[in-house]
Amino acid sequence: MKKLLLVSPLASKSFLGGDFYFRLPYLGLLKVASLTPSDWDVSIIDEKVEPLDLTQDADLVGITAMTPAVNRAYEIADSFRLRGIKVIMGGMHVSKMPDEALQHCDSVVIGEAEQLWDKALDDCKRDELKSIYRHGNEYPSLANFPAPNWKLYEGKRYLPVHFLETTRGCPHNCEFCSVTNSFGGKFRNRPVDEVEKEIQNLKPFEGMFVLKNGVFFVDDNIISNRVHAKELLKRIIPYNLKWTGQASVNIAKNDEILELCKKSGCMGLIVGFESLSQGNLANMGKTFNTPDTYIDVVKKLHDYGIGVTGAFVFGFDHDDESVFDRTIEFVIKAKIDVCYFSILTPYPGTRVYSQMLHEGRIIDRDWSNYNTNHVVFMPKLMRPEKLLDGFHHALKESFSYTAIFKRLWGNGTYKNFFYPMNFGFRQTVRKTIQNKQDFSYEQGSGS
């Protein structure tokens, strides 16, 4: 039997991976494992939770990598190839930078693994592995694929939560986001019957202070297709899930869906507010966000007992040094349950990356710094140091004990979920600030 080793490398400069509250199971490799024929012996190593033995044997090593982890991915690939072991890579970064990746591996899967992975494995068996595997003009259907095998993650020190996917893709094409470019400009839906069957087969978590039926829906927008969302939410009501997911601000306009979210066990939603500046939102292509309505959006979700994780990005072209205090004031006033702040990061494959490359504003080519808590470009209205200092200031002030209690007091949401989450974030914030970035660019230069 052939041996397949799948690896998720550690992004060493990102502290969200190592802290317990953020040791989240990686769904992508479970999907790849589920697509692997039974005549392969599959094992998964995720460096967030366990060390990788670079001396172990395998017939094929598959490595996935987001941009901040790709340097480590290349190290791993080089090490196995030195021993004559074939290496195939996939993931968003190598899909956008295949020529770079092929300097370190034998083959690259561009885009989604479905309908490509079995071909790559067959070619590997015949010693005819191609350098590139990619789809044609069509993205694969999400129907009739096997559910992830969660047994492969048993005993690993992850946060106890199951990850499920019900849709893929996004039509909005925001300039800083790689989802549309990677997964297509329209939503594709998994059949609700298949999602329900997967939920039926989930093994409840055990232990004190554990959500036995905790689920995170990884869809970029759980309400992307209203008809699909309504059917899904109705179907999952009997399973007593405690779930979280992601949604756009538009969910506040649909009371029927909000009621179904409440009935089906929704504890909270990540909402991409992104910016308090309408100019920034217009530039990024997210014009359906209107800052004047943000407080009403949060209140509407709270009225249904749904917590809000508000995502904000600092460093857009309309941001000056006042953006940080304005955002701190807003998240407290709006009583946002959890704040998720990040620094604008121009990932390969995004429109903002192409624009900044053209304008000579990229100041850091070290991929390990592309982790949303480093500054890798020259902002328009402040120095990079000021952007980093302001980001740290926003983190520190928003996750002070006083701010946490002000944000959560009286929200009517799942306190035993959001208080620990905030305290977990608080610990990560301290590590992020302590490991402050050193700048080495030439003053006055954006290249």
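The values are calculated or read from the model by the stated rules, or taken from the named source; none is laboratory data. Small disclaimer: the values here were computed from a predicted structure and weren't measured. Neighbour counts are summed over all protein chains in view; Cβ atoms, including those assigned to glycine, are modelled from backbone coordinates with ideal geometry.
Identify all residues within region 320-350 that are out of contact with any strand residue (DSSP E or B) (no Cβ under 9 Å at 6 or more places or on another chain) and either assigned to a strand (DSSP E or B) or closer than 18 Å to G272 by Cα (or both); write none if there are none.
R326, E329, I332, K333, Y347, T350
Run W367 past the list (1) crowded, with 20+ Cβ neighbours inside 10 Å; (2) under 30 Å from G268 (Cβ atoms); (3) of a type outside the set (G, A, S) and report the number of the one that doesn't hold.
Failing condition for W367: (2).
Of all residues in region 49-82, which are surrounded by fewer than 16 Cβ atoms within 10 Å (Cβ to Cβ), of a type outside the set (D, E) and within 13 Å of L102 (Cα to Cα)?
Hit for region 49-82 is R81, nothing else.
Residue check: is I76 modelled with pLDDT of 95 or more and under 19 Å from the mean Cα position of the chain (by Cα)?
no
Filtering region 97-120 down to residues that are charged (D, E, K, R) and more than 13 Å from H135 (Cβ to Cβ), which residue is surrounded by the fewest Cβ atoms within 10 Å (Cβ to Cβ)?
If we take residues in region 97-120 being charged (D, E, K, R) and more than 13 Å from H135 (Cβ to Cβ), then D99 is surrounded by the fewest Cβ atoms within 10 Å (Cβ to Cβ).
Restricting to region 338-364, give me the number of residues that are surrounded by fewer than 15 Cβ atoms within 10 Å (Cβ to Cβ) and among the aliphatic types (A, V, I, L, M).
1
If a residue must be within 23 Å of the chain's Cα centre (by Cα) and either of a type in the set (A, V, I, L, M, F, W, C) or surrounded by fewer than 22 Cβ atoms within 10 Å (Cβ to Cβ) (or both), how many such residues does region 311-337 contain?
Matching residues across region 311-337 total 7.
What number of residues in region 53-104 are in contact (Cβ under 8 Å) with a residue 60 or more places away in the chain, farther than 16 Å from N371 by Cβ and of a type in the set (S, T, Y)?
1
Let me spell it out: the conditions are (1) assigned to a helix (DSSP H, G or I); (2) modelled with pLDDT under 95; (3) touching a strand residue (DSSP E or B) at 6+ places or on another chain (Cβ under 7 Å), and K151 meets all of them except one. Which number is the exception?
For K151, the exception is condition (3).
For K130, state whether it is closer than 20 Å to D39 by Cβ and modelled with pLDDT of 90 or more.
Here the answer is no, as K130 does not meet what is asked.
Hey, can you tell me all the residues within region 123-139 that are part of a loop (DSSP other than H, G, I, E, B) and surrounded by fewer than 16 Cβ atoms within 10 Å (Cβ to Cβ)?
Selection gives R126, D127, E128, K130, S131, H135, G136, N137, E138.
Somewhere in region 357-367, is a residue touching a residue at least 60 places away in the same chain (Cβ under 8 Å) and part of a helix (DSSP H, G or I)?
Yes, region 357-367 contains a residue that is touching a residue at least 60 places away in the same chain (Cβ under 8 Å) and part of a helix (DSSP H, G or I).
How many residues are in a loop (DSSP other than H, G, I, E, B) and within 22 Å of L142 (Cβ to Cβ) if we restrict to region 88-122?
Going through region 88-122 one residue at a time, the tally reaches 7.
Step by step: first the residues of region 298-319, then only those that are of a type in the set (A, V, I, L, M) and not in a helix (DSSP H, G or I), then the one that is nearest to I336 (Cα to Cα). Which residue is that?
V308
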